[in-house]
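Here is the structure we will look at.
The values are calculated or read from the model by the stated rules, or taken from the named source; none is laboratory data. Quick caveat: nothing in here was measured; it's all calculated off a predicted structure. So basically every Cβ, Gly included, is an ideal-geometry build from the backbone, and we count neighbours across all protein chains shown. Accessible surface areas use protein heavy atoms only, side chains included; no ligands, DNA or RNA. Shrake-Rupley method; radii C 1.70, N 1.55, O 1.52, S 1.80 Å.
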Amino acid sequence: MVGHTDPEEPDVTHPVPAATPPVVAHTAEPRPRGALWRPGVLTRTWREYGYLWCALLLAPFAFAYAVVAVVLPPSVAVTVVGLFVAGWVVVGGRLWGSLYRGMARGMLGTEIPAPPPRAPGRGFWRRLGRLLGDAAGWRAVAFNALSFPLSIVAFVTTTVFLAVALAGTTHWFWYRWLPPQPSSDGTLHRGASFGEDYFIDTPPRQWILIVTGLLCLFAWHRLTLGFGHLFRLLSTGLLGPTQGSLRVAHLEQTRGAAVTDADARLRRIERDLHDGTQARLVAVAMQIGDARDRLGTEDPDAVLTLLDDAHRDLKDTLAELREIARGIHPPALDGGLAVALETLAARCPVPVTVDVDLPRRPGPEVETITYFAVAELLTNVVRHAAASGAYVRVEDLGGSLRIRVRDDGRGGARLALPGASGGTGLAGLADRAAAVDGTVDVDSPAGGPTVVTVHLPLSVAR
């Protein structure tokens, strides 16, 4: 333990957030829910019924496209040019997917993220393989095939219930214009007939038909929303990105961020060496050269003064080199993460309490990220939080590392908060954590306290 101030740390364990978010379609706008008479519910039902209409109109063409996409590759396999045509037919399924995603957004109120763009292959056969094996295209083709029977069943079922509902609730008005029909006893009746002698032409029977129509209206409402939800699930499962594609995109993004961060770090080290350390060493060399030239020609006290200045500048240069080396790999980590964090806290102007509970030592890369993460967060505490103390806890949570830094400052921290070096601050910390599938969570209401939680794997080795 280091320091004297221990801000209260609640003993709450939070689940580790996933590094790669699941494929979940989110609601483009709030969907009204509840009974049919509630505000907006009937509008939503009609909009989703319109989706079933559009799906039915597109279904024959979409199904025909799916049949062509499946039949064409083996049919033209003997020709190379034909395989390219078949491959572009498969890739064209992405256009169908885009069309259905737009319909889901506009009529089902569901925003489905688009799959990653197709990666062009290099080389003749690799380019052909990328065309024929385009996963997003094939999944859209599968949606075309499955939507055909579903759209027919959905449209026919909902339309029958809607027709019965409308006819039943309005029959009392328009039945008088129906042609008269004779019953078995020869009398004439107007109205809908069920069987040979049962006509809806009396008030009690009209009320029964109205109630039946209202029940069918409620059933139409529920069936329409149910079929709309089936299409929503089918669209989300086949027209959005897969977990694997999200994982690849996440790794590409974090890899780019890691490369950019490493390049910026190298440039900063080069700049520090060129503008600071190198200039000091040149000055020391000139001072020593001047002292050598003055030996035996002037007052020895002047030579000693030059040597003292050179000695002082050389010590300052060594200190700068130590700071630069510490920025590459903190020497304190050689003694373990707990020792390094206690050393870091001891140098902090604000009293800091460090609590490390690790039954096993994390990987060296994770230790380095943890050290710099705590350093960045403590620097933010000093420069931005106006806090009287901070609490740092590092613990093992079921095979993952959780770093929590809490201060009693004024709060208001955001991921875009500038860091100690004038760089990206918390956003840069999030990028560094994401490079090893880690996450950063900031809880900093106005007025404080600020709690920043970083989740990292214990090791990045696979």
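Observations on the structure shown:
- Counting charges near Asp443 (Lys, Arg +1; Asp, Glu -1) among other residues having Cβ under 12 Å from its Cβ returns a value of +1.
- Relative to the Cα centre, the charge distribution of the range 335-392, modelled as +1 at Lys and Arg Cβ and -1 at Asp and Glu Cβ, gives a dipole magnitude of about 100 debye.
- The portion of the accessible surface of the range 333-457 made up by carbon and sulfur, rounded to a whole percent, is 52 (1.4 Å probe; DNA, RNA and ligands excluded).
- Highest average first, the peptides 371-382, 132-143 ordered by how many other beta carbon atoms sit within 10 Å of their residues are 371-382, 132-143.
- Residues within the reach of a label modelled at Val76 (point 7 angstrom out along Cα to beta-carbon, backbone nitrogen below 15 Å), restricted to the range 127-146, are 128-129, 131-133.
- Taken about its Cα centre, the range 333-457 carries a charge dipole of about 300 debye when Lys and Arg each add +1 at the Cβ and Asp and Glu each add -1 at the Cβ.
- R0 of 56 Å, Cβ-Cβ distance Asp441-Leu95: FRET efficiency to nearest 0.05: 0.90
- If the segment from Val68 to Arg47 were pulled out straight at 0.36 nm per residue, it would be longer than the present Cα-Cα gap by 4.4 nm.
- Amide H to amide H distances under 5 Å link Leu458 with Leu401, where only residues 5 or more positions off or on other chains count and H is placed in the peptide plane.
- Among 71-83, 212-224, the peptide with the highest mean count of other Cβ atoms within 10 Å heads the list, and the full ranking is 212-224, 71-83.
- Neighbour net charge for His189 - beta-carbon separation under 14 angstrom, K R +1, D E -1: -1
- Kirkwood Rh in Å, taken over the range 333-457 so that all alpha-carbon pairs contribute: 14.3
- The modelled label-to-label distance for the pair Arg176/Ile210, using points 7 Å beyond Cα in the direction of Cβ, is 1.5 nm.
- Taken per residue, the accessible surface of the range 40-241 reaches 51 Å², heavy atoms only and a 1.4 Å probe.
- A simple rule links phi to the HN-Hα coupling: the Karplus curve 6.51 cos²θ - 1.76 cosθ + 1.60 with θ = phi - 60°, which for the range 59-70 gives 4, x, 5, 5, 5, 4, 4, 5, 4, 4, 5, 7 Hz, with x for Gly and Pro.
- Rg/Rh ratio calculated on Cα atoms of the range 79-192 (Kirkwood radius): 1.38
- If R0 equals 56 Å, the separation of the Cβ atoms of Asp197 and Leu233 corresponds to a calculated FRET efficiency of about 0.75.
- Highest to lowest packing among 399-405, 195-201, scored as the average C-beta count within 10 Å: 399-405, 195-201
- Cα gyration tensor shape for the range 40-241, rounded if a/c is under 1.5, else prolate or oblate: prolate
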